[in-house]
Amino acid sequence: MTSTAQTFIKMHGAGNDFVVIDSRHHAGGVMTSALARAIGDRHRGVGFDQLAELRAADDADLTLDFWNADGSRAGACGNATRCVAAMVMGQTGAQKLTIRTARGLLLAENRDGQIWVNMGAPVLDWHSIPLAHACDTLHLPLPGDPAGVGMGNPHCVFFVADADTAPVAEHGAQVEHDPLFPEATNVEFASVVAPDHLRLRVWERGTGITLACGSGACATAIAAHLRGLTGRQVTITADGGALMVDWREDGVWLTGPVATVFTATLAAGFGA
Ligand SMILES: N[C@H](CCC[C@H](N)C(=O)O)C(=O)O
């Protein structure tokens, strides 16, 4: 891939930014951890919170794989899924898409121009989040009484009086690698604005502070509802914009703004 120029699309969903690479014509895809890390370098590469690679799928409209800026893989990325779904729907005119991801088959729907993605059922058992040992996942044995929720990736959600003053960088970096999370974790700091409105700031595993996180918004909405703080439909005000989460019987639906920034080509030999 490094000998021929590689085209990519820069997109963001509520400021959570992505490099999207369309490898549907390359069986198996082209991305590697080292190349993702090189592209993800905001000084020497392009920069992104996640890189999303599209690949062909036998049993779905497309396959999506996600990488973090440090070159690690992410099992889920709600905002990139929304962005890619909007892009492909724009190309083909499809109103619905099935998307194969590491967490299973997801459904995206265009409802009056708004792209919704069903992120699947939340994971609430300790073993599958995964946690290192059995515990009450709604009240993890950590200072600050966070909740643990899996959305195809692990989330540790702290409810705080005011998310705006939460020590996201310091506390987030520390909790990300707490031994309770054998695969590390994304970390959310949320405060309740109203029974249908949360304020959220996020520290993402493998990336750091981001302006929004779709799976984090879903995990936060689930934890808030299970703790009796909110209903099943919430608006989540992240630093980069507002996301909406609707926990229905068939899964956790997510929507929010989508933007295409530019299309460009990596210089031949980049990352070699
Ligand atoms: N921004 C993404 C989540 C990335 C999660 C990733 N940092 C991980 O390692 O799980 C989202 O919109 O859901």
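The table for this structure:
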read-out	value
Filtered residues of the range 123-136 (kept if surrounded by fewer than 22 Cβ atoms within 10 Å (Cβ to Cβ) and either within 16 Å of the ligand (Cβ to nearest atom) or β-branched (Val, Ile, Thr) (or both))	Ser128, Pro130
Condition met for Leu64 (within 14 Å of the ligand (Cβ to nearest atom) and either closer than 22 Å to Met244 by Cβ or buried (at least 17 other Cβ atoms within 10 Å of the Cβ) (or both))	yes
Meets criteria (within 12 Å of the ligand (Cβ to nearest atom), modelled with pLDDT under 95 and outside the structural domain of Ala217 (by TED's automatic domain parsing)) for Arg82	no
Filter result (on the phi < 0 side of the Ramachandran plot, touching a Lys or Arg at 6+ places or on another chain (Cβ under 9 Å) and not polar (S, T, N, Q)) within the range 107-122	Leu107, Ala108, Glu109, Ile115, Trp116, Val117, Met119
Residues (over 15 Å from Asn153 (Cβ atoms), buried (at least 24 other Cβ atoms within 10 Å of the Cβ), β-branched (Val, Ile, Thr) and within 13 Å of the ligand (Cβ to nearest atom)) located in the range 205-241	Ile236
When residues of the range 34-56 are limited to those that are small (Gly, Ala, Ser) and more than 18 Å from the chain's Cα centre (by Cα), the one nearest to Leu266 (Cα to Cα)	Gly45
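The values are calculated or read from the model by the stated rules, or taken from the named source; none is laboratory data. Quick caveat: nothing in here was measured; it's all calculated off a predicted structure. Quick reminder, even Gly has a Cβ in these numbers, built from the backbone with ideal geometry, and neighbours come from all protein chains shown.
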